[in-house]
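Where a number appears in this text, it was derived from the coordinates with a stated rule and is not lab data. If you're wondering where the values come from, they're calculated on a predicted model, not measured in any experiment. All Cβ positions, glycine included, derive from the backbone under ideal geometry; neighbour counts span all protein chains shown.
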Amino acid sequence: PPRVLSGVQPSGALHLGNYLGALVKFTRLQHEIDTFIFVADLHAITVWQDPAALAQQTREIAAAYIASGLDPDKATIFPQSAVREHAELSWIFNCVARLGWLDRMTQFKEKSGKHKERSSVGLYTYPVLQAADILIYKATHVPVGEDQKQHLELTRDIAQKFNHDFNAPGFFPLPDPLIQGPGARVMSLRDGSAKMSKSDPSDYSRINLTDTADDIAAKVKKARTDPEPLPETIEELATRAEADNLVGIFAALAGKTKAEVLADYAGKGFGTFKPALAELAVESLAPVGERMRGLLGDPAVLDAILAKGAEKAREAAAPTLAEVKKLVGFWGA
Ligand code: ATP
Ligand code: MG
């Protein structure tokens, strides 16, 4: 049966990229498919997280899910670390995945930067844990941003090799990434060649879900652009990274294509386009931020949702792990 799995790391404030690339899609899918959405706290600690803040950051992600429309009665919402099957399957997958596969992962290269030898081992094997997150539920559809495409391919490779090595054809499905639309790759407001990220040190690089209307207006106004008016065609737009990004954000927020946005704004300068974009962003995000603040005002309710979600997730994960242990040949399995 089809099943959706995805998650977001509690590694900082959620931004427009997370919202358009991930959260909005979860909300749409929950009505059609059995949906599991977790808070990726095991992933978050691949880089240092303050232990005094991590649990609250986890609640913040859960609040953002619900504020953007995820219904805890429809979707299963849970903290990753509360379902130990993820970590257990991840170890087995570490023994299935090949070093050469992981060596090719571009996100590790970007995140480890110049100090590869000082990165955690977890940052390196992160995509293996991600494969376990998905396959422990035998998920078939994974809504993510464009930056996760390569990791999803690795998940498919791991599933395929596991099925082959343990002579279990079709045991794990080969999950399909759901990466579509102009919101699948939102770029930094400061640099059209870098994706918008929670971990970017510049707050001006991103629009956060909890930003005030004034913050949003100031950030859009300061967003880097070229001096030319907007072009007629998307081909021309594609040669101008920053302009392309702003038009893409507008399109995603308005539920239009970039061509439709250009039909309205071609020939107009950023002096006209930016205020319109800021207004649209405020209109879309202000209610989400407001609902988030409301939910965070009552942490007991969020904690109850997470606890119930964890229980449901464990029920779904445990049988898969039991079957895996049998296939691998562990004693007592
Ligand atoms: P970090 O910098 O800590 O990795 P992040 O902003 O990349 O944070 P993640 O928690 O790693 O956020 O990713 C959560 C989801 O948001 C994933 O599906 C990811 O593909 C998506 N996503 C992240 N950044 C963007 C972006 N700029 N545009 C579209 N989708 C994005
Ligand atoms: Mg990321």
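Treat each spin label as a single point 7 Å out from the Cα along the C-beta direction, and report the His31 to Asn94 distance in nm.
The answer from the label model is 4.2 nm.
Each label point is 7 Å from the Cα along the Cα-to-Cβ direction; what then is the distance between the points at Lys221 and Thr272, in nm?
Using points 7 Å along Cα→Cβ, the separation is 2.0 nm.
Across segment 203-293, how many lysine pairs, 8 or more apart or on two chains, come within less than 19 Å at their alpha-carbon atoms?
Lysine pairs, 8 or more places apart or on different chains, close enough: 9.
Which FRET efficiency value, to the nearest 0.05, is calculated for Arg293 and Asn167 with the Förster distance at 45 angstrom and r the Cβ-Cβ distance?
0.30
Over the chain, what is the relative contact order in whole percent, taking alpha-carbon pairs under 8 Å and six or more residues apart?
23 percent
Would you mind checking segment 85-108 for residues with the amide N under 17 Å from a putative spin-label position 7 Å along Cα→C-beta of Ala333?
Under cut-off, by backbone N: 85-97.
Could you grab the relative contact order for segment 203-293? Cα pairs under 8 Å, six or more apart, rounded to a whole percent.
Relative contact order comes out at 41 percent.
Between Asp303 and Glu117, what is the label-point separation in nm under the 7 Å Cα-to-beta-carbon projection?
A separation of 4.5 nm, rounded to one decimal place.
On a straight-distance basis, which aspartates and glutamates could pair with Lys195 in a cross-link, Cα separation under 16 angstrom, same-chain partners fewer than 8 positions away excluded?
Glu110, Glu146, Asp147, Asp203, Glu242, Asp244
May I ask you to list the lysines whose Cα is less than 26 Å away from that of Lys138, ignoring any residue fewer than eight positions away on the same chain?
Lys25, Lys74, Lys149, Lys161, Lys308, Lys312, Lys325, Lys326
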